[in-house]
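Working notes, beginning with the structure itself.
The values are calculated or read from the model by the stated rules, or taken from the named source; none is laboratory data. Keep in mind that this is a model prediction, so the values were computed, not measured. All Cβ positions, glycine included, derive from the backbone under ideal geometry; neighbour counts span all protein chains shown.
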């Protein structure tokens, strides 16, 4: 099975970049980087368990894909569907449309991502 650690490494870099951009007041790009981080971490979980991952950018689809592998992540998604939807919208909107994510929105996204990481780490530890 190929080594998919590069997905996790890149996700960590996107997350660090998101925090830096947030501190600089670059909220649109911070949101975009959070989306990339979440997308890659979900793909990392799928790849590390199944040996492959779907070629999609949809966080909703990726959460559905991991539902049986890690029910706790699905619970996270159900409890945070609105903020995950905002993160997902950043993939396109922050680059191609005149959106203006606000500090409070991106702060909520960062907080949700940190909770997501806690749940995901638990899933990665269990067989």
Discussion item. Can you list residue pairs whose Cβ atoms sit under 6 Å apart, with the first residue in the range 57-80 being in contact (Cβ under 8 Å) with a residue 60 or more places away in the chain and at negative phi and the second being surrounded by fewer than 13 Cβ atoms within 10 Å (Cβ to Cβ) and in a helix (DSSP H, G or I)? Count only pairs 6 or more apart in sequence or on different chains.
Written reply: none
Worksheet item: Which one of these does residue 96 not meet: (1) under 18 Å from residue 124 (Cβ atoms); (2) modelled with pLDDT under 95?
Response: (1)
Response to the item:
When residue 48 is run through (1) assigned to a helix (DSSP H, G or I); (2) in contact (Cβ under 8 Å) with a residue 40 or more places away in the chain; (3) in contact with a helix residue (DSSP H, G or I) (Cβ under 6 Å, 6 or more places away or on another chain); (4) closer than 25 Å to residue 126 by Cα, the failure sits at (3)
Worksheet entry | Residues of the range 36-59 classified as over 14 Å from residue 13 (Cβ atoms) and either more than 8 Å from the chain's Cα centre (by Cα) or surrounded by fewer than 24 Cβ atoms within 10 Å (Cβ to Cβ) (or both), total | 16
Item to complete: Could you list, in sequence order, all residues of the range 60-84 that are more than 22 Å from residue 125 (Cα to Cα), surrounded by fewer than 17 Cβ atoms within 10 Å (Cβ to Cβ) and touching a helix residue (DSSP H, G or I) at 6+ places or on another chain (Cβ under 7 Å)?
Response: 60
Worksheet entry | Pairs, first at negative phi and without any contact (Cβ under 8 Å) to a residue 40 or more places away in the chain in the range 93-117, second surrounded by 17 or more Cβ atoms within 10 Å (Cβ to Cβ) and part of a loop (DSSP other than H, G, I, E, B), C-beta under 7 Å, six or more apart | 112/80
Item to complete: State which residue is modelled with the highest pLDDT when the search covers only the range 23-35 and only residues that are surrounded by fewer than 21 Cβ atoms within 10 Å (Cβ to Cβ) and in a helix (DSSP H, G or I).
Response: 23
